[in-house]
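Asks: I'd like to ask you about the structure that follows.
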Amino acid sequence: MDIDEGVPVLTRDAVDLYALDPHRVWSGFTQLLPIAIFVTVFGVAFGLAAKQMGLDSVSVVLMSTLAFAGAAQFAVLDLWGAQVPLVPLAITVFAINARHLLMGAALFPWLCHLSPAKRYGVMLVVSDANWAMSMQAFGRGESGMGLLLGGGIALWLSWILGSWLGLYVGSVIHDPVSLGLDMVMGCFLLAMAVGGRKSPRVIFIWVVAACSSLIADGYLPENSHVMVGALAGGTFGAFWTEKGQ
């Protein structure tokens, strides 16, 4: 990629890294299927929890389809009732999902050249797992677009399927934490972070996010450190783009 007055310009060789090629999307879909199995399990737990809170089947499936935010959806159930407090609910969901600001900043060099429809279409299915794997691919000089989109679709569909199954067979896996399944995604992301690309930009983004989060955890209200860390890291990453990307 060439840089002309601060605007990245794609070279002929770099165009391939940004293409949403159907074969690569399918390959990304199949590569994320093993992780999708664990996402389905947590979807089952969410479906059961939502059912116990009195949500009907259509609402549960629609929430998982439109939101696709596991931890945030569980948090929403704690606020659910006859009268839903919209402002606290919105703040809670934003705080939990604020890490996507950091993820978006990291992906910016590879998504900024897509049309707005494609760019935000891809971001709709970005989650921790397909983001981590696509960043590793980009760091190796390979195309990560298939992993990002195809893998995201696999995880999204598995979450919807799990939520639906939870309405009917959720009692089989009512507590995935007791089986240690909550550690699978954490271990996976840690492995991706340790083995991922470590450019100065990436390192400083994580340092800024981590330090901001630790400070917020000590002085700000509970759970606000997630939002503060993501906002700080995401803002820092948005203003610092690398010439080699």
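The values are calculated or read from the model by the stated rules, or taken from the named source; none is laboratory data. Computed from a predicted model, the values in this text were never measured in an experiment. Glycine gets a Cβ as well: all are built from the backbone with ideal geometry, and neighbour counts include every protein chain shown. Calculation scope for accessible area: heavy atoms of the full protein, side chains included, ligands and nucleic acids excluded. Shrake-Rupley method; radii C 1.70, N 1.55, O 1.52, S 1.80 Å.
Asks: One residue is enough: does region 19-35 have a residue meeting the conditions touching a residue at least 40 places away in the same chain (Cβ under 8 Å), buried (at least 19 other Cβ atoms within 10 Å of the Cβ) and farther than 16 Å from residue 149 by Cα?
Replies: No - not one qualifying residue is present in region 19-35.
Asks: Identify all residues within region 108-136 that are within 19 Å of residue 203 (Cβ to Cβ), out of contact with any Phe, Trp or Tyr (no Cβ under 9 Å at 6 or more places or on another chain) and surrounded by fewer than 21 Cβ atoms within 10 Å (Cβ to Cβ); write none if there are none.
Replies: 108, 136
Asks: Those residues that are open to solvent by less than 100 Å² (accessible area, probe 1.4 Å), farther than 19 Å from residue 221 by Cα and either assigned to a helix (DSSP H, G or I) or touching a residue at least 12 places away in the same chain (Cβ under 8 Å) (or both), I need them from region 77-94; list them, please.
Replies: 77, 80 - these are the residues of region 77-94 that are open to solvent by less than 100 Å² (accessible area, probe 1.4 Å), farther than 19 Å from residue 221 by Cα and either assigned to a helix (DSSP H, G or I) or touching a residue at least 12 places away in the same chain (Cβ under 8 Å) (or both).
Asks: Does region 62-73 contain at least one residue that is more than 24 Å from residue 227 (Cα to Cα), open to solvent by less than 40 Å² (accessible area, probe 1.4 Å) and not hydroxyl-bearing (Ser, Thr, Tyr)?
Replies: The answer is no; no qualifying residue exists.
Asks: A further question follows. Can you list the helices (runs of 4 or more DSSP H) found entirely within region 138-245 that contain at least 2 residues being at pLDDT 70 or above, open to solvent by 80 Å² or more (accessible area, probe 1.4 Å) and of a type outside the set (S, T, N, Q)?
Replies: Hits in region 138-245: 145-169, 200-219.
Asks: Could you give every pair whose Cβ atoms fall below 6 Å, whose first residue belongs to region 103-122 and is farther than 14 Å from residue 146 by Cβ, and whose second residue is part of a helix (DSSP H, G or I) and among the hydrophobic types (A, V, I, L, M, F, W, C), counting only separations of at least 6 or pairs across chains?
Replies: Cβ pairs passing all conditions: 103/131; 105/238; 119/111.
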